[in-house]
1. Just need the relative contact order of segment 47-127 here, percent rounded to a whole number, with Cα pairs under 8 Å and 6+ apart.
2. Multiply the residue gap between Q67 and M1 by 0.36 nm, knock off their C-alpha separation, and tell me the result in nm, one decimal place.
3. Place a +1 charge on the Cβ of each Lys and Arg in the chain and a -1 charge on the Cβ of each Asp and Glu, then give the dipole magnitude about the Cα centre in debye, rounded to the nearest 20.
4. If I stretch the segment between R168 and E27 completely, what's the gain in nm (0.36 nm per residue apart, minus their alpha carbon distance), one decimal?
5. Could you rank the peptides 96-104, 134-142, 25-33 by their average count of other C-beta atoms within 10 Å per residue, with the highest value first?
6. If packing is taken as the average number of other Cβ atoms within 10 Å across a peptide's residues, how do 3-14, 153-164 rank, most packed first?
7. Hey, how many Å between the Cα centroid of segment 3-38 and the Cα centroid of segment 142-207?
8. Please list 75-84, 118-127 highest first by mean number of surrounding beta-carbon atoms within 10 Å per residue.
Amino acid sequence: MPTVAVYDIAGTKVGDLELNDSIFGVEMNAPLLHQAVKMQLAAQRLGTHATKTRGFVRGGGRKPWKQKGTGRARSGSSRSPIWVGGGTIFGPHPRKYAFSMPRKQRRLAIKCALSDKVQSGEFLVLDSLDFDAPKTKNVVKMLKDFSVDDKALIITAGEAENVEKSSRNIPGVKAINTTGLNVYDILNHDKLFITKDAITRIEEVLA
C-alpha cells in the first residue's frame, strides 16, 4: 500500500497515512484517461451552431427566369447554394456532443488519475481544512506554506463553502468536494490538496 505524509494547514507533518492500493496504486492507463477527458470536455460544448439550408433561407420562391430559350443555365431558385445569398450545403446544425462511458471505466479513470498524482509526489494530504470565514488570504497563506506556485486543486469531503469561496479569486486554484471529483480537474492541476475525510469517502465509493 502506498504511504503518504499527512500535514496540517501550516505545512507541518503530523503523521502518515496508508492509502488503499486498489484506488491509489493503480497502473496508468493513458488511453482511458484521454477518453475520460474527451468525454468531459465534449459534454461542456454548447452545440448551438446553426446554418440555413436552401429551404430555410428567406425568398427564392419565384423561378428566376424561364427554363428554356434564354441561353443561361436553368435555375429554379435564387436561394440555391451555388448562388450568392443562397443556402449552405452540409453546414453545422444544433447537436449534442456529449457521449457516455461505462461506469466501471469512469471509476477506473479516476483511480488512474489519483494514482498518477500519488506516484508523482503531487498528492498532499491535509489533516483537516476549514476556515472561519471566506478569505482569499487563507488559501494564499496555505499555498505559501507548502511552497506551491503552480495550479492547485483542493478536495474536501463535503460542502466547504468557506474553502470554495476563499480559493475562487486565485488564478489556477479550484476547490471541489468528493461529489464533483473528476478526471479533468485532477489532471489539469499540478498539485492536489486533499483532506483525510475526503480520502475516506473516496475509498468508500471506489473501493
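1. Relative contact order here is 31 percent.
2. Once the chain is fully extended between Q67 and M1, it gains 15.6 nm.
3. 3220
4. Additional length available on full extension: 47.5 nm.
5. Packing order, densest peptide first, comes out as 134-142, 25-33, 96-104.
6. My ranking of the peptides, most packed first, is 153-164, 3-14.
7. That distance is 12 Å.
8. Ranking the peptides 75-84, 118-127 by packing returns 118-127, 75-84.
The values are calculated or read from the model by the stated rules, or taken from the named source; none is laboratory data. Worth saying up front: this structure is predicted, and the values here are computed from it rather than measured. Glycine also receives a Cβ, built like all others from the backbone with ideal geometry; neighbour counts cover every protein chain displayed. Ligands, DNA and RNA are excluded from the accessible area calculation, which covers all protein heavy atoms including side chains. Shrake-Rupley method; radii C 1.70, N 1.55, O 1.52, S 1.80 Å.
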